[in-house]
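Reviewing the structure listed below.
What follows is calculated from the coordinates using simple rules that are stated; it is not laboratory data. Here the structure is a predicted model, which is why all the values come from computation and not from measurement. Positions of Cβ are generated from backbone atoms using ideal geometry, with glycine treated the same way; all protein chains shown enter the neighbour counts.
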Amino acid sequence: MTRVILFNKPMNVLSQFTDRGTEGSPRATLSDYIDVPGVYPAGCLDRDSEGLMILTDDGKLQARIASPRFKRPKTYLVMVEGTPTDAQLAALRDGVTLKDGPTRPAQAETIAPPDLWPRDPPVRYRKSVPDAWLRLTITEGRNRQVRRMVAHVGLPCLRLVRWSVGDWTLDGLAPGAWRDA
């Protein structure tokens, strides 16, 4: 029987079970939260990003989830610096050209601030610079892709939370918690 685990990865946790980083400066890893032998992450989430990670004991399923070839949609809630314009949203919807080539078109819309848990450390707040939230759905998964896409259109990312992968969502899952799918 295939096991699939949904995990809400907190900020500053590595998307791996071990840390081969700087000696003497331990960083939190998946093993600090998940003590289930034989499961591995299907894809990764940057250390400074939060949200849904899927772990499984099925190598073929792991590849299908992680590979851009299968075009599995991944939805992110993105706090950006600035007020998105129609032109910026249109550019995201059309796909933007990054240093590693053009992205596939994304679904992009502004949303009301979502009801999320407080982030630790908190997002920096500046009275003189507005911020906004976007819901962005992509079907790829390049390194830091969402951050690079929003920065490319002039909206630096302040907070990034992966909300869903395919039909799996974070709904009801607290940071650092996991459940079987």
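Which lysines have a Cα lying under 24 Å from the Cα of Lys60, excluding residues fewer than 8 positions away in the same chain?
Lys9, Lys71, Lys74
Distance between the C-alpha centers of the range 78-94 and the range 26-45? Whole Å please.
33 Å
As a test of the formula, what do you get for the chain when each DSSP H run with n ≥ 4 contributes -39,500 (n - 2.57) and the sum is divided by the residue count, at 222 nm and rounded to the nearest 500 deg cm²/dmol?
Rounded to the nearest 500, it is -4000 deg cm²/dmol.
Among DSSP bridges having both ends in the range 38-161, what percentage is antiparallel? Round to the nearest 5.
Roughly 95 percent of the beta bridges in the range 38-161 run antiparallel, per DSSP.
Return, for the Cα atoms of the chain, the radius of gyration and Dmax in Å, separated by a comma.
Over the chain's Cα set, Rg and Dmax evaluate to 16.5, 54 Å.
Figure the gain on full extension for Ala112 and Asp180 (residue separation times 0.36 nm, minus the Cα-Cα span) and round it to one decimal in nm.
21.5 nm
So for the chain, taking the charge dipole from beta-carbon charges (+1 Lys/Arg, -1 Asp/Glu), which of Leu155, Leu134, Pro41 sits furthest toward the positive end?
With unit charges placed on the Cβ atoms, the residue in question is Leu155.
Report the relative contact order of the range 1-157, percent, no decimals, based on alpha-carbon pairs under 8 angstrom and at least 6 residues apart.
Details: 259 pairs, mean separation 36.6, N = 157.
Reported relative contact order: 23 percent.
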